[in-house]
Amino acid sequence: MAKAPVIAVVGSASMDLTCYADVLPQAGQTLYGNLFTTGFGGKGANQAVMAALAGANVYMVGSVGNDLFGKSLQENFRNQNINSEFVKVSELPTGVAHIWVDAQGQNRILIVPGANHGFDENHAASAITSIPDLSIVIGQCEIPQSVTIAAFTVAKKRGAITILNPAPYQELSDDLLAVTDWLIPNEIEFEEFVGEAPTSETLARFRTGKNSIVTLGDKGAVLISPDGTLTSIATTSVQAIDSTGAGDCFIGSFSYSLASGSDAKSAAEFACRIAAVSVTRKGAQSSYPTTAEISTLS
Ligand code: RIB
């Protein structure tokens, strides 16, 4: 049996506090919701869990608070077979995400980073230096960019591939782009980058000098090569009830597949199949297919 690829995620881990409602309130309005849940989230932790479920040997590099949420997140890493020796316990409270999901399964998310901003460049760089047999390092934008730059810089020196999910959107520093191999925004983040919605024209103009993928929800994804060549990836048509964490599901499964030796198109097709399942279930990590289910989707 092939050895599991080693993937490190440098990023956020948060507790998701989610309200489901048919209609979401406007400013000053009070409405009834249908359901409230707490669940494991944070874009980094979601990507780590998905990569582990797919079969990778995953290391999480991040920080949680010294509180009940932090202890739960740590226990979740253990339960998901994720190495959490580089998850620091910070004096800051564990990060939380307040999430509203409407009847169409679309979400609105407000994050309070807390301990996700409680670890620094040295911690990230020394973690990435010491992880054996590293194939891929994944980052997002729920921690300071300087920390991701430090981790990616070491990763590149070691010959690992770096994958940046620029979420939530923020302007990316040249230093971060310089150490990023793959840039994977969703359609909203793409629009924030270029000022226009994704179309074949605007996608072809998205020249970052990187390999990119724009995820397009129920329209699948588009691979963009550094010279602007587009490759469309179709997805399965499903009845979506909650899209929370679907992008993270894509990133975790894409990274696993790429690290396992698949070409980018096959890895993106695999990731679209897995992410399509996730939107049919509630929550972020709670919506991800199990390892047994994944084997039927490969
Ligand atoms: O991408 C989904 C995630 O964004 C949620 O789990 C929430 O924690 C926010 O970070």
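Of note:
- Just one of (1) in contact (Cβ under 8 Å) with a residue 12 or more places away in the chain; (2) more than 12 Å from the ligand (Cβ to nearest atom) fails for Gly11. It is (2).
- Meets criteria (free of Cβ contacts under 8 Å to residues at least 24 places away in the same chain and farther than 21 Å from Asn76 by Cα) for Ala267: yes
- Qualifying residue in the stretch 25-35 (condition: modelled with pLDDT of 95 or more and within 14 Å of the ligand (Cβ to nearest atom)): no
- Among the residues of the stretch 258-285, just one is more than 15 Å from the ligand (Cβ to nearest atom), among the hydroxyl-bearing types (Ser, Thr, Tyr) and either under 24 Å from Leu17 (Cα atoms) or open to solvent by less than 10 Å² (accessible area, probe 1.4 Å) (or both), namely Thr280.
- When residues of the stretch 33-59 are limited to those that are within 22 Å of Val96 (Cα to Cα) and open to solvent by 30 Å² or more (accessible area, probe 1.4 Å), the one nearest to the chain's Cα centre (by Cα): Lys43
- Only one of Ile111, Ile82 that is within 16 Å of the ligand (Cβ to nearest atom), surrounded by fewer than 20 Cβ atoms within 10 Å (Cβ to Cβ) and under 30 Å from Thr291 (Cβ atoms): Ile111
- For the stretch 234-252, the criterion of a residue being in contact with a helix residue (DSSP H, G or I) (Cβ under 6 Å, 6 or more places away or on another chain), in a helix (DSSP H, G or I) and without any contact (Cβ under 8 Å) to a residue 60 or more places away in the chain is satisfied by at least one position.
- Residue list for the stretch 157-212, restricted to those being assigned to a helix (DSSP H, G or I), open to solvent by less than 40 Å² (accessible area, probe 1.4 Å) and farther than 20 Å from Gly247 by Cα: Leu176, Thr202, Ala204
- Looking only at the stretch 159-175, and only at residues there that are more than 17 Å from the chain's Cα centre (by Cα) and farther than 16 Å from Val9 by Cβ, the one that is nearest to the ligand (Cβ to nearest atom): Glu171
- Checking each residue in the stretch 127-148 for being surrounded by fewer than 21 Cβ atoms within 10 Å (Cβ to Cβ), touching a residue at least 24 places away in the same chain (Cβ under 8 Å) and outside any loop (DSSP other than H, G, I, E, B) picks out Thr129, Gln145, Ser146.
- Checking each residue in the stretch 286-298 for being part of a helix (DSSP H, G or I), within 16 Å of the ligand (Cβ to nearest atom) and open to solvent by less than 20 Å² (accessible area, probe 1.4 Å) picks out only Ser287.
- Output for the stretch 234-250, where each listed residue is buried (at least 24 other Cβ atoms within 10 Å of the Cβ) and either over 19 Å from Gly105 (Cβ atoms) or more than 16 Å from the ligand (Cβ to nearest atom) (or both): none
- Residues that are touching an Asp or Glu at 6+ places or on another chain (Cβ under 9 Å), in a helix (DSSP H, G or I) and not basic (Lys, Arg), drawn from the stretch 213-230: Gly217
- One residue from Val154, Val96 being over 15 Å from the mean Cα position of the chain (by Cα), within 16 Å of the ligand (Cβ to nearest atom) and not in a loop (DSSP other than H, G, I, E, B): Val96
The values are calculated or read from the model by the stated rules, or taken from the named source; none is laboratory data. None of these values were measured; they are calculated from a predicted model. A quick note on method: Cβ atoms are made from the backbone with ideal geometry, for glycine too, and the neighbour counts reach across all protein chains shown. Each accessible area value is taken on the protein alone, full model and side chains, heavy atoms only, with ligands, DNA and RNA left out. Shrake-Rupley method; radii C 1.70, N 1.55, O 1.52, S 1.80 Å.
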